[in-house]
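A short worksheet on the structure shown next.
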Amino acid sequence: MPTLISGSTGVNKIQDGTVVNADINSSAAIAGSKLVMPAGSVIQVVQDQVLSSTTVSNSNTWTGIGLSVDITPSATSSKILILCSCSSYCDTTDQTSGLTIFRGSTNLGYNEAGLSPFYMNFGGGAEDLQVTTPIIYWDAVSTTSELTYELKGKADKSNYKINGLRGGIAQLVVMEIAG
């Protein structure tokens, strides 16, 4: 039912030009687009996870491991916080491997080392090694277009596995943070 605002009803609710909580009926629905989040607030979160083992071949090129997320920032001032954790397994000595995050076709890490490089050298003998390989990255994108973030890995001499011998959960979490 509409409210009639006349000189004697309703006007006193917003005379000062502002609306406070007391002025809003408890059943009112306010669109999220009308809310202003302070800088540093989490606006949205998307995530993906892989429970099975994924092999990264020794091609020495960045290869997707099955973890990717799409996010569309709501403002050009927003920043993107990327969190990734997985276990990496290798059974070859003198192995250089790494993980990185790609935004579309852009490697966010160093071309050769990525964002989480690891080198395995067991003094000449092959041993098993499974390590947790975390990545934290802050991305300033200045866009409201959809972005795709993907975890990729590479190895130089032998195959290695994500969630390998002893299992694990690989997770990629991407958050839009208000700028």
Task: Virtual spin-label span in nm between L35 and N60, 7 Å along Cα→Cβ - done: 5.1
- [ ] Starting with the fewest neighbours, write out Y137, Y160, Y149, Y110 ranked by other beta-carbon atoms found within 10 Å of each beta-carbon.
- [x] Y110, Y137, Y149, Y160
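Going by how many other beta carbons lie within 10 Å of each one, how would you line up K152, K157, fewest first?
Least crowded to most crowded, the residues run K157, K152.
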Open item on the list: If I model a spin label as a point 7 Å beyond the Cα along the Cα-Cβ vector, how far apart are those points for N107 and I169 in nm?
Closed with: 3.0
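Taking each pair of different alpha-carbon atoms in the stretch 30-87 once, compute 1/r for the pair, average those values, and report the inverse of that mean as the Kirkwood hydrodynamic radius in Å to one decimal. Before the final figure, lay out each step's value.
Working: mean 1/r = 0.0670 Å⁻¹.
Evaluated over the stretch 30-87, this radius sits at 14.9 Å.
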TODO: Just grab the label-to-label distance for T72 and N25, each label 7 Å out from Cα along the Cβ direction, in nm (one decimal).
DONE: 3.2
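Only the coordinates and a few stated rules stand behind these numbers; no lab work does. Just so it is clear, the model here is predicted, and its values are computed rather than measured. FYI the Cβ positions are ideal-geometry reconstructions off the backbone, even for glycines, and counts take in every protein chain you see.
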